[in-house]
1. Scanning the range 118-138 for residues that are open to solvent by 10 Å² or more (accessible area, probe 1.4 Å) and of a type in the set (V, I, T), which turns out nearest to the chain's Cα centre (by Cα)?
2. Looking at R155 and the list (1) open to solvent by 40 Å² or more (accessible area, probe 1.4 Å); (2) without any contact (Cβ under 8 Å) to a residue 60 or more places away in the chain, which single condition is not satisfied?
3. Does A218 satisfy being in a loop (DSSP other than H, G, I, E, B), open to solvent by 40 Å² or more (accessible area, probe 1.4 Å) and among the small types (G, A, S)?
4. Any residue at all in the range 140-147 that is in contact (Cβ under 8 Å) with a residue 12 or more places away in the chain, surrounded by fewer than 14 Cβ atoms within 10 Å (Cβ to Cβ) and out of contact with any Asp or Glu (no Cβ under 6 Å at 6 or more places or on another chain)?
5. Could you say which residue among D41, D95 is without any contact (Cβ under 8 Å) to a residue 40 or more places away in the chain and acidic (D, E)?
6. In the list L70, L42, which residue meets the criterion of being closer than 30 Å to W106 by Cα, in contact with a Phe, Trp or Tyr (Cβ under 7 Å, 6 or more places away or on another chain) and either open to solvent by 20 Å² or more (accessible area, probe 1.4 Å) or aliphatic (A, V, I, L, M) (or both)?
7. Would you mind finding the one in L72, L131, L135, L123 that is of a type outside the set (G, A, S) and under 19 Å from T43 (Cα atoms)?
8. Does any residue of the range 230-238 turn out to be under 18 Å from G59 (Cα atoms), open to solvent by less than 90 Å² (accessible area, probe 1.4 Å) and under 23 Å from the mean Cα position of the chain (by Cα)?
Amino acid sequence: MSVAVDTVAPVRAGRFLSALNPLAKLAAVIPATVLLVFVRDLTTPLVFLVLAYAVLLVGARWTPQLAGILVLAVPLGIAIIGCGFSLWADASRVDTTPVVLQIGEWKLFAGALAIGFATALRLGAIITLALLSGLTTTGADLVRAMVQQLRVPYRIGYTALAAFRFVPCFAHELDLIRQAHRVRGAHGGRGPFAAAARALGYVVPLLAGAIRHAERVALAMDARAFGAYDDRTERYDVPFRTRDTLFVLAFWVASAAIFLSLFPWGIA
């Protein structure tokens, strides 16, 4: 009797972004992300921000995390960074623009607001483009794709993944250490100096826990003969399909159309 084994990555809950190859989502946004660093206008990053929002709304599963990021975190971050950079801008370079706000001798010019919010929108667009991959890709699938398509040595890929997975373990360990200190009454008082002293007290037990965890992971990897052979059998494949190529090409065409139509470098 023969048993059919499906070696293709299982379909994850979500929309089309979750089903794409992780490398396709990275390759699609890299050119736009790099070029956005060099634009200085308001319109171009705003258009890419709208494009990234549209792709996320259509292609990603709507979760409280995604809603919080798109509805609250990104707009609030853009507003705070934009106001901050507006106040930081050199007023002598924009004093020919209209005055938006005046308090005594201090003036806020429209040019300073434009500079501040252009920077904030640029950062917001770059971060939102990165979310296309970050919110719809698991670390394990990204490592599998890098090993299978980019030929990254699996010893490097899976070691990096194991190190990345230390982070939630450290967070859990830190929470246990804090609870243990509270049970023993080692509060230390209030204020920034007491908080700094408490943080220093967490370092040694956290480091000891990290060493124990690293030893257990190393033993588990040795027991599974990790690194003993040149190749490693994968649980399932993360193929680069035709739809991945089409997504990359479509995003590149859309990005090129936006840049060519707006041409934010002012030498058209």
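1. I127
2. (2)
3. Here the answer is no, as A218 does not meet what is asked.
4. So the first thing to find is which residues in the range 140-147 are in contact (Cβ under 8 Å) with a residue 12 or more places away in the chain, and the list is 140-147.
Applying the additional criterion that residues be surrounded by fewer than 14 Cβ atoms within 10 Å (Cβ to Cβ) yields none.
No, the range 140-147 contains no residue that is in contact (Cβ under 8 Å) with a residue 12 or more places away in the chain, surrounded by fewer than 14 Cβ atoms within 10 Å (Cβ to Cβ) and out of contact with any Asp or Glu (no Cβ under 6 Å at 6 or more places or on another chain).
5. Numbers: D41 fails: without any contact (Cβ under 8 Å) to a residue 40 or more places away in the chain.
It is D95.
6. L42
7. On the way: L72 fails: under 19 Å from T43 (Cα atoms); L131 fails: under 19 Å from T43 (Cα atoms); L135 fails: under 19 Å from T43 (Cα atoms).
Going through L72, L131, L135, L123 in turn, just one is of a type outside the set (G, A, S) and under 19 Å from T43 (Cα atoms): L123.
8. The first filter runs over the range 230-238 and keeps only residues under 18 Å from G59 (Cα atoms), leaving none.
Scanning the range 230-238 turns up no residue that is under 18 Å from G59 (Cα atoms), open to solvent by less than 90 Å² (accessible area, probe 1.4 Å) and under 23 Å from the mean Cα position of the chain (by Cα).
The values are calculated or read from the model by the stated rules, or taken from the named source; none is laboratory data. Since we're looking at a predicted model, the values are computed, not measured. We place every Cβ from the backbone using ideal geometry, glycine too, and count neighbours over all the protein chains shown. All accessible areas refer to the heavy atoms of the entire protein, side chains included, with ligands and DNA or RNA removed. Shrake-Rupley method; radii C 1.70, N 1.55, O 1.52, S 1.80 Å.
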